[in-house]
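The values are calculated or read from the model by the stated rules, or taken from the named source; none is laboratory data. A quick note: this is a predicted structure, and the numbers were derived from the prediction, not measured. All Cβ positions, glycine included, derive from the backbone under ideal geometry; neighbour counts span all protein chains shown.
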Amino acid sequence: MIDSKVLPTDYVTQPGRFRTSTGKTLKTDEMIINMGPQHPSTHGVLRLEIVVDGEIVVDVIPHIGYLHRCFEKHAEYMTNYQQVIPYADRMDYLASMNNDWAYALAVERLMKIEVPPRVEYIRVIMAELNRIASHLIAVGTFGIDMGAFTPFLWCFRDRERILDLFEMTCGARLLYNYIWVGGLSHDLPAKFVEKAKDFCQYFKPNIVELNSLLTYNEIFIKRTANVGVLPKDVAVNYACSGPMLRGSGISWDLRRADPYGVYDKFDWEVQIGEGEMGQVGDVWDRYIVKVREMEQSVKIIEQALAAIPEGNVQSAIPKRIRPEHGEIYVRTESPRGELGFYIISDGSTSPYRVKARSPAFVNLSVLPEIAQGCMIADLVAIVGSTDIVLGEVDR
Amino acid sequence: MSPQEIQDSLKTKFGDAVLESKLDAPQPWIKIAPNKAKSIGFFLRDEPSLQFDFMSCLSGVDYNDGNLGIVYHLYSMAHKHKIVLKASCTKDNPNIQSVSEVWGTANWHEREVFDMFGIYFDEHPDLRRILCPDDYPGFPLRKDFKVPEFYNGMKVPY
């Protein structure tokens, strides 16, 4: 018999004592399970509070903030706009080039700086290389989530080639600080163009190989088709972007819809999920969009490498960055979706306010909506397919 | 629709709730009354000629003159037009109506603004801190925020 003296009184007297952190009481058959913060399938330090009824997920409450490093506060405390770029690097550490570009572009639009064409071309090449590197990790780790280990190793092997190209260009392999406001930190080294072309030739057959190993694997399809379906209207209402939104069948890519850089000069296609293996917007669709985007990125890189003009990459870098009073919101397509920077300038040398709208944060917020009613094992598939980077979710 | 037409349709529907605007800015904005945010949001989303179905971003701002503000960046997938809405409140009475019923994405954005600026969103379904710990003292992105010397008995080293 339970001795009521040693237990807290409300355990005995109040029937609804067991609550989730949002305040919902549990039914008799339900229980709370914690997934994370240290859990291999959460792709970082994400904690999911799951209410389960047997194997069925009744509710998911994501808890984030474990990697919060006050990016926005740091940005306000810098003495110079350029100093923010290394911090932007560290937001989405798998796609640092894209982060740098988004921030630099916002400041450039605020100051109305025109960058030389050579810089624009190199930025496109770097951003697309980084997109491939980021998608390779997304695809590889997603394979691990589904129990396929080999594709992960193959993806990392190919990503290594891209990191070698970056190392050759700016010395860093992960956090580049390469794209600056108005220009770049270094020009391309000798033989970069040939090596990048070699990479494209090397990489194209590897996508075919990856498809035969993972994409059309029957077990993989059984685990991913018809799971975690994200309908179009929910995706738009939750402002999902990137492969998450395109997987739901909406042809929406900021490189086309709100063009920046020189993307409008290249011939490539926006990839969308079409429900080949199940319903439109399921986990498989979100996966295949990433694989096909890698092919498109290779296409863009090849065209950019062929047309890259000569010029000085540092000629437009301003000596002093002091934008006038004003504000701007600039959005770019990072591998995860719409990466936006909202910058307010008060006319001084450091930003008054920088807000980073990170795609992973927004894409994760739809998780409770689509995960209800799935199995616990499917939840792993859904989290894997949203392709979150917790450094960016928490900033 | 041009920003001028958007403002006109808002004015005919809501009248006094449209406080001020700056339509010649690079990104034109309209300032609305904080206690009308939700009905204006529903109107902007559902009116066939406007259809602002995609909320890109929701940011909090501390204007450092006793006022806090919210900036909504809205976009329409159907009509490809965009508009910036602003609303503000005082630090003494930091209440703004929540729009998370209109755009689901606003739920987490508003939690982040609450966490960082201490703006209370009326009728928000789940207004908890999101990035900072639940027991964190103060609102870090306010301009008058000072890092506490001790947090839960631990010395803060910087």
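List of remarks:
- Top-ranked residue of segment B:66-104 - restricted to ones that are over 18 Å from B:G41 (Cα atoms) and more than 12 Å from chain A (Cβ to nearest Cβ), ranked as modelled with the lowest pLDDT: B:G66
- Residues that are closer than 20 Å to A:L46 by Cβ and aromatic (F, W, Y) within segment B:105-133 comprise just one, B:W108.
- Which listed residue is within 22 Å of A:A306 (Cα to Cα), of a type in the set (G, A, S) and crowded, with 21+ Cβ neighbours inside 10 Å, from A:A102, A:A127: A:A127
- Selected residue (only one of A:R118, A:R159, A:R123 is basic (K, R), under 25 Å from A:S385 (Cα atoms) and either more than 14 Å from chain B (Cβ to nearest Cβ) or assigned to a helix (DSSP H, G or I) (or both)): A:R159
- Subset of segment A:325-372 (residues that are surrounded by fewer than 19 Cβ atoms within 10 Å (Cβ to Cβ) and free of Cβ contacts under 8 Å to residues at least 40 places away in the same chain): A:H325, A:D346, A:G347, A:S348
- Summed over segment A:18-52, the residues that are surrounded by 15 or more Cβ atoms within 10 Å (Cβ to Cβ) and of a type in the set (D, E, K, R) give a count of 4.
- Which numbered condition A:L339 fails, given (1) assigned to a strand (DSSP E or B); (2) within 10 Å of chain B (Cβ to nearest Cβ): (2)
- Output for segment A:348-375, where each listed residue is closer than 15 Å to A:M244 by Cβ, facing another protein chain (nearest Cβ under 10 Å) and aliphatic (A, V, I, L, M): A:V362, A:L364, A:V366
- Of all residues in segment A:233-284, those that are among the basic types (K, R), closer than 23 Å to A:G384 by Cα and away from chain B (no Cβ under 14 Å) total 0.
- Taken together, the criteria place B:V61 among residues that are over 30 Å from A:I250 (Cα atoms), within 14 Å of another protein chain (Cβ to nearest Cβ) and not in a loop (DSSP other than H, G, I, E, B).
- Of all residues in segment A:53-66, those that are buried (at least 19 other Cβ atoms within 10 Å of the Cβ) and in a loop (DSSP other than H, G, I, E, B) total 2.
- Put simply, of A:V234, A:V313, A:V262, A:V280 the only residue that is in contact with an Asp or Glu (Cβ under 7 Å, 6 or more places away or on another chain), under 24 Å from B:L74 (Cα atoms) and of a type in the set (V, I, T) is A:V234.
- Test for B:D134: is it within 14 Å of chain A (Cβ to nearest Cβ), charged (D, E, K, R), more than 11 Å from the chain's Cα centre (by Cα) and assigned to a loop (DSSP other than H, G, I, E, B): yes
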